[in-house]
1. Only strands (runs of 3 or more DSSP E) wholly contained in region 193-248 count here; list those with 1 or more residues that are surrounded by fewer than 21 Cβ atoms within 10 Å (Cβ to Cβ) and at pLDDT below 95.
2. Name the residues in region 73-94 that are open to solvent by 70 Å² or more (accessible area, probe 1.4 Å) and not in a helix (DSSP H, G or I), would you?
3. Taking the stated definitions as given, is GLN176 open to solvent by 10 Å² or more (accessible area, probe 1.4 Å), modelled with pLDDT of 90 or more and of a type in the set (S, T, N, Q)?
4. Test each condition in (1) under 26 Å from GLY299 (Cβ atoms); (2) out of contact with any Gly (no Cβ under 6 Å at 6 or more places or on another chain); (3) open to solvent by less than 50 Å² (accessible area, probe 1.4 Å) for ALA142 and report the one that comes out false.
5. Filter region 305-324 for residues that are in contact (Cβ under 8 Å) with a residue 60 or more places away in the chain and out of contact with any helix residue (DSSP H, G or I) (no Cβ under 8 Å at 6 or more places or on another chain) and give the result.
6. Just to confirm my filter: which helices (runs of 4 or more DSSP H) fall fully inside region 95-138 and include at least 1 residues that are of a type outside the set (Gly, Ala, Ser) and touching a residue at least 60 places away in the same chain (Cβ under 8 Å)?
7. Among the residues of region 291-310, how many are over 21 Å from LEU150 (Cα atoms) and in contact with a strand residue (DSSP E or B) (Cβ under 6 Å, 6 or more places away or on another chain)?
8. Report yes if ASP158 is part of a helix (DSSP H, G or I), open to solvent by 10 Å² or more (accessible area, probe 1.4 Å), out of contact with any strand residue (DSSP E or B) (no Cβ under 6 Å at 6 or more places or on another chain) and among the acidic types (Asp, Glu), otherwise no.
Amino acid sequence: MIAVIGAGVSGLSCAWWLRARGAPARVYEAAGRVGGKVWTRTEGALCEAGPNTLLADEALLRWFEELGLSPVWPAGGGRPRHVLKDGRYRPLPQSVPQWLAGGFPGWSAKLGVAAGLLKSGDPRAGEESLAAFCRRQFGRAALDNLLDPLAGGVFAGDPDELLLAETLPELAAAAQSPGPLWRALLRLRGQRAARRVCTLAGGLESLPRRLARDLDIRLNAPATALARDGSGWRLRAGADWERFDQVVLALPAGAAADLLEGSEPAAATLCRQVRYAPLAVAFTLARAEALTRPLPGFGGLHPHSEEALALGHLMSSNLYPHVCRPGERLLTSFIGGRRQAALLELDDDALLARLNWELERLFGLRGAPMLQRVARWPQALPQGTAIQRALRAATAPWAERGLHLCANWLDGASLPDCLDKGRRLAARIAGADGTALLRRR
């Protein structure tokens, strides 16, 4: 029997694929629900408190079909996207002609990007922060106008803190390959062409709920102790100890550190050094006419230099009209991050008052919204730093002892990353024939 500790999407994916390979697993979850930060709220509208979309390839779509889940595609492809500049939203160019003819991001950034695409790969890219790589490769203007809003809006992070190799590993590999960067990026684009942005009918939380239907899950069962027991492990979740052949830790880094303190103190210390970005996700439901200057397409990201409240605003009902009733608009705002963590100290009333002032200034919001809610994540997004590399090295030998990590803070935090790492770990544990590694134990 295998214990999977944590019923977020990483742990659920691992347990589901273990079961599919004939390896029995039991999932322990401290909370009263599955899914972790994948949380769909249905009050007044279909609101995503965690991830809002996922990038699905053909293999993932086939799995969804097997599970009976229906993808929903963005209306009109979800374009365009915008960046806030000098208090106004500017559309990001979507093609070479738009890039050449448009006023944003300015000629300094455009020339810097053009020059950077012609530069050959550099092995330094694997060790650089996002900011250091962008400054060296493309120049300061590209960092301020393009990469900075990406780092804040997508990772809720500080580009001077995030490592390129840990945050955008495919770009890091391209930036280190021989020859001009444009050639490596062209190959990368071809590899990613089959991936499509979507959500799921009923919200993204329908995925963890569906996986849980097939699994042995104990909710409200926090794991409080873990100890080596001969060739296996003893786990305490509640009052009793249980023995397992193998254990998968699919927990936040701090919770994993607590369990590892007795058996792996050095790794526990590293786990406690994993950095997180806090985030508040605010939903605003308003009548369509109350937003007098709505953005078309996806929404807008905010460079740190704009000193906006939010890291960005997502026009959720533009992307997926089914999330609210006709004649209404749903807007999702992301507030906080590494560089504005203090904003989460505001109570909901104060935070929403500041948000509504920003929505009035940027979108022409008139009157009180029909509905507003705030979801808070003190540890929303793990930040990719050198700690992850040290953790991978420290934990690599654990598999032979039947101890495994399967978490978004180790090697990829996106929803597809978490689903894929669960599948890959299950394959390694169960072995090609479904039982090989288990027999060795």
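The values are calculated or read from the model by the stated rules, or taken from the named source; none is laboratory data. Predicted model only: the values in this text are computed from it and were never measured. Glycine also receives a Cβ, built like all others from the backbone with ideal geometry; neighbour counts cover every protein chain displayed. Side chains included, ligands, DNA and RNA excluded: accessible areas come from the protein's heavy atoms. Shrake-Rupley method; radii C 1.70, N 1.55, O 1.52, S 1.80 Å.
1. Numbers: elements: 196-200, 216-218, 223-229, 232-237, 241-244.
Filter on region 193-248 gives 196-200, 223-229, 232-237, 241-244.
2. TRP73, ARG79, ARG81, ASP86, ARG88, PRO91
3. Details: open to solvent by 10 Å² or more (accessible area, probe 1.4 Å): yes; modelled with pLDDT of 90 or more: yes; of a type in the set (S, T, N, Q): yes.
Yes, satisfied.
4. (2)
5. Selection gives GLU306, LEU314, HIS322.
6. Correct list: 107-118.
7. Of the residues in that region, 1 qualify.
8. Values: part of a helix (DSSP H, G or I): no; open to solvent by 10 Å² or more (accessible area, probe 1.4 Å): yes; out of contact with any strand residue (DSSP E or B) (no Cβ under 6 Å at 6 or more places or on another chain): yes; among the acidic types (Asp, Glu): yes.
When the stated conditions are applied, ASP158 does not pass them.
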